[in-house]
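Values quoted throughout were computed directly from the atomic coordinates according to the rules given, and no laboratory measurement underlies them. Just so you know, these numbers come straight off a predicted model, no measurement behind them. Cβ: placed from backbone, ideal geometry, glycine included. Neighbour counts: every protein chain shown.
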Amino acid sequence: MNRTWIIAGREFRRTVLTKAFFFGAVVVPLLFAGVSIAVELFLKPTIHPMDGTLAVHSGSSHLIEALTDTLKPGKKATPLQLPANGDTAELVDAVLESAATIDVQNDRPDTSTLRIIATPDATAKSIRAAIRDETWLAAVVITPNEDGESRFELIVPPSMPNSHLELLEDSIRRAAINARLMDQDLVPATIRKLVARPRLRTVRLDYEGGERTEAQWTRWVVPVVVMGLIWLTTLTGGNYLLTSTIEEKSSKVIEVLLSACGPGELIHGKIIGFGLVTLVMITMYAVVAAIFLTMLAAADLVSVSDLIVSGLCLIMAYLMIASLMAGVGAAVSDLTEAQSLLGPVTLVIMAPLLLIPVVTEDPSGIVATVATFIPPLTPFILVLRVSAAVEPLSWFEVIGELVFGFIAAAAMVWAAGRIFRVGILMQGKPPSPRELLRWISYR
Amino acid sequence: MTEPVIQLEGVTRRFGEHVAVDTLDLEVHQGTLLGFLGPNGAGKSTTIRMIMSIIYPDDGAVNVLGRSALDAKDRIGYLPEERGLYRRMRIGDFLRFIASLKGISKSDAIARIATWLERLELEGIERRRCEELSKGQQQKIQFIASVLHDPDVLILDEPFAGLDPVNRQLLSSIIRELHEEGRTIVFSTHVLPEAETLCQHILLMDHGQKLLDDSLASIRKRFEPSELLIERLEPGPAPVVAGTRAQAGDAEGLRWSLHLTEGTDPQAAMASALAGTPLRSVQQRQPTLENVFASLVQPGGNA
């Protein structure tokens with residue numbers, strides 16, 4: 001077998017076949033997905049009914065009426081209306097809207113046995129005594145201020161659960177507003193209808209005569225998640241490469257390896273080996289993402305072409321990050337020294353995250369386009385642009401940028417190999433960035 | 001003479017302003033056991049690394065087995081000066097990994113590893129982790145890694161460093177056996193008596209330059225001191241020998257050392273000494289590598 005592949009195999013096995021990796025990269029994502037599903041399916045909290053008397057002290061008749069209305073039981077969840085045309089974005093909107101109302105229904109305590117009474121003659125002391133001995137469930141005390149506004153005080157027993165408390169607090173606030181409207185002879189339901197935010201359906205046209213409906217959240221979630229996954233996994237794979245190189249250098253095993261293979265075979269083997277590790281990691285995260293997208297019936301938010309470009313960008317990003325890490329690893333003697341060289345590298349690696357708002361806002365803008373041609377930003381910006389572009393980028397442009405990116409990645413791997421060859425046997429003071437550049441030109 | 005197995009022509013290697021190896025020419029022929037000597041910083045390890053194609057010369061050409069060492073790695077065994085093991089890796093796994101890099105099949109590797117572990121008195125440690133071994137044991141494992149693939153050429157950089165006398169003797173005997181099997185062996189060392197015992201040929205370097213490149217016999221002849229060591233049967237004065245420029249004796253007057261003038265024939269001087277005085281022994285003093293080393297290596301270097 002080719003020595004490069006033997007080294008790649010060893011690096012892959014010794015990283016992946018460890019408990020730490022298994023738990024970090026395999027168990028944790030699967031556990032996260034499993035727990036999310038289990039919580040959704042089985043672990044809904046038990047909400048007890050709100051049974052008892054709510055005393056309202058010094059409240060107007062409008063307030064009592066409004067409070068009775070806001071606390072009345074029997075609100076139904078909005079039924080799920082499936083879009084007739086099968087449009088994904090509409091489906092997602094409908095599911096989310098329905099889910100929100102289902103949550104209200106499910107998480108809201110049953111108030112069918114709750115009584116609301118006015119207690120004009122009660123005193124602060126008697127109210128507190130009635131709540132402590134559980135005669136009343138809770139009490140609302142309204143005190144007029146000097147400026148005509150009212151101060152509301154909700155008095156509850158120590159045992160009141162949060163779900164009850166939240167419902168009472170929310171209902172009192174809403175009832176106070178409704179009472180004010182009624183005081184002005186306005187009908188709250190009418191006002192609510194007048195100020196309700198309309199449901200907006202965005203239809204994006206294309207120049208070929210077609211159109212598609214888009215959900216607002218998909219505009220940024222998919223690009224950011226895809227880029228984030230690539231960023232996270234390539235950085236983790238690169239870090240594995242860095243620490244492995246430093247470990248081999250500091251333990252002096254590197255020259256033993258170089259007695260059996262060339263420096264080029266060694267660095268390429270390591271890059272491939274940790275590349276496979278990265279692939280395992282992103283596969284696990286992709287599986288989790290696929291589970292969530294399937295649960296949301298939104299799997300078609302990611303097109304096949306986007307997946308292909310994302311896969312190519314992942315490879316390109318890994319090669320670039322791995323080259324940087326291999327260069328740094330070869331140039332230093334330990335992790336402490338690596339920090340000084342990693343400073344500028346980290347700044348470069350963080351740049352795609354800082355550019356997310358600019359690129360997703362205008363994927364074809366000058367900043368996004370220029371950043372695509374700055375390695376190692378190329379793969380991150382490109383994947384962001386491709387998945388965020390409302391008007392798809394031309395294939396000519398995408399292929400051109402991919403070709404540029406892979407040429408840049410190959411150049412970075414080559415330069416890392418040159419630095420690796422010179423630096424890997426050197427000990428002592430770490431080189432300056434200028435010296436690193438000189439190493440590239442060494443014979 | 002056989003074709004050279006290792007050939008260096010005008011090889012120069014600089015590190016910045018420092019010239020580590022300066023226009024070095026060298027030929028090592030098939031079956032030679034070459035001792036590569038020199039003080040620290042002489043350029044030995046740099047030369048060896050260039051021979052192994054781990055680093056490349058700035059000028060000149062290096063050939064091993066008629067090509068670059070990179071292409072001939074499967075036929076070269078190399079024990080580097082800077083050596084280490086994967087701390088957490090098991091000995092068997094490490095040796096099998098190195099064997100696979102050298103192109104040895106898994107089954108073959110298992111058999112060879114068992115043989116070599118036994119030969120170096122390390123039986124039963126395959127399952128142990130590298131970090132659990134003593135320094136000497138680790139060094140023997142590294143030696144096994146360098147010979148596991150049955151190389152034609154063996155390059156050992158300071159193979160005796162860190163070994164106790166028993167293991168040093170064991171390693172010497174194995175090197176001798178490998179040489180007797182017809183392998184070409186180059187080893188650098190600071191342990192001059194070991195080199196003197198083992199080597200046929202000596203290469204001495206200092207400040208990146210070759211000071212000496214000859215067979216041990218020729219070196220002895222060339223650096224033969226004009227000095228006779230004489231032991232009398234009875235105490236008395238130094239024997240009278242023509243051509244003596246200086247003499248020194250012990251307190252009893254039994255043992256004498258005669259320094260001859262340049263051009264005096266030692267054989268004739270010994271015959272003359274025997275003729276004039278009853279002696280227990282008379283011999284010409286043999287030059288040691290340490291004498292040669294001390295006389296050639298510039299003081300004030302890195303040694």
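Between A:LEU276, A:GLY228, A:SER112, the Cα set farthest toward the positive side of the dipole of chain A (charges on each charged residue's Cβ, about the Cα centre) is that of A:LEU276. Packing around the peptides A:8-18, A:223-233, B:279-289, taken as the average count of other Cβ atoms within 10 Å per residue, puts them in this order, highest first: A:223-233, A:8-18, B:279-289.
Across peptide A:261-268, the average count of Cβ atoms from other chains found within 10 Å of a residue's Cβ is 3. Counting only Cβ charges, +1 for Lys and Arg and -1 for Asp and Glu, the dipole size of the protein assembly as shown around its Cα centre is about 680 debye. For region B:133-234, GluC sites (Glu not before Pro) are listed when DSSP marks them as loop and at most 15 other Cβ atoms sit within 10 Å of their Cβ; the list is B:GLU181. A prolate overall shape is assigned to chain A, the ratio a/c of its alpha-carbon gyration tensor axes (a ≥ b ≥ c) being 1.5 or greater and a/b exceeding b/c. On a 0 to 90° scale, report how tilted helix A:88-107 is relative to the longest principal axis of chain A, with both axes built from alpha carbons and the result rounded to the nearest 10. Value to nearest ten degrees: 50.
Against chain A, whose longest principal axis comes from its Cα atoms, helix A:61-70 is set at around 40 degrees.
Residues A:THR202, A:THR234, A:THR4 in ascending order of nearby Cβ atoms (within 10 Å, fewest first): A:THR202, A:THR4, A:THR234. DSSP loop trypsin sites (Lys or Arg not before Pro) in region A:140-247 with at most 12 other Cβ atoms within 10 Å of their Cβ, which ones? Counting only loop positions with at most 12 other Cβ atoms within 10 Å, the trypsin sites (Lys or Arg not before Pro) in region A:140-247 are A:ARG199. When only alpha carbons are used to place a centre, region B:1-36 and region B:178-197 end up 17 Å from one another. Per-residue 3J(HN,Hα) values for region B:106-118, derived from phi via the Karplus relation 6.51 cos²θ - 1.76 cosθ + 1.60 with θ = phi - 60°, read 4, 5, 5, 4, 4, 5, 5, 4, 4, 4, 5, 4, 5 Hz in sequence order (x marks Gly and Pro). Counting other C-beta atoms within 10 Å, which of A:TRP395, B:TRP256 has the fewest, and how do the rest follow? Listed from fewest to most nearby Cβ atoms, that is A:TRP395, B:TRP256. Ordering A:LEU354, A:LEU377 from the fewest to the most neighbouring beta carbons within 10 Å gives A:LEU354, A:LEU377. Run down the aspartates and glutamates and flag those whose C-alpha is under 16 Å from the C-alpha of A:LYS72, throwing out any fewer than 8 positions away in its chain. Within the straight-line cut-off, A:LYS72 pairs with A:ASP51, A:ASP107, A:ASP110, A:GLU166, A:GLU169, A:ASP170. Placing unit charges on the Cβ atoms of the charged side chains and taking the dipole of chain A about its Cα centre, the candidate lying farthest along the positive direction among A:VAL413, A:LEU393, A:ALA124 is A:VAL413. Give the angle, between 0 and 90 degrees and rounded to the nearest 10, that separates the Cα long axis of helix B:165-180 from the longest principal axis of the Cα atoms of chain B. Between helix and principal axis, roughly 80 degrees. The fraction of all Cα pairs in the protein assembly as shown landing in successive 20 Å bins from 0 to the largest distance is 13, 29, 23, 17, 11, 5, 2, 0, given as whole percents. Region A:337-352 and region B:103-124 have Cα centres spaced 45 Å apart. With a 10 Å cut-off around each Cβ of A:241-254, the average count of Cβ atoms from other chains is 3.
Backbone amide hydrogens, once placed in the peptide plane, bring B:TYR78 within less than 5 Å of B:ILE155, excluding anything fewer than 5 places away on its chain. Close amide-amide hydrogen proximity is noted between B:PHE15 and B:ALA20, each under 5 Å apart and 5 or more residues distant or on a separate chain (H modeled in the peptide plane; Pro and chain starts excluded).
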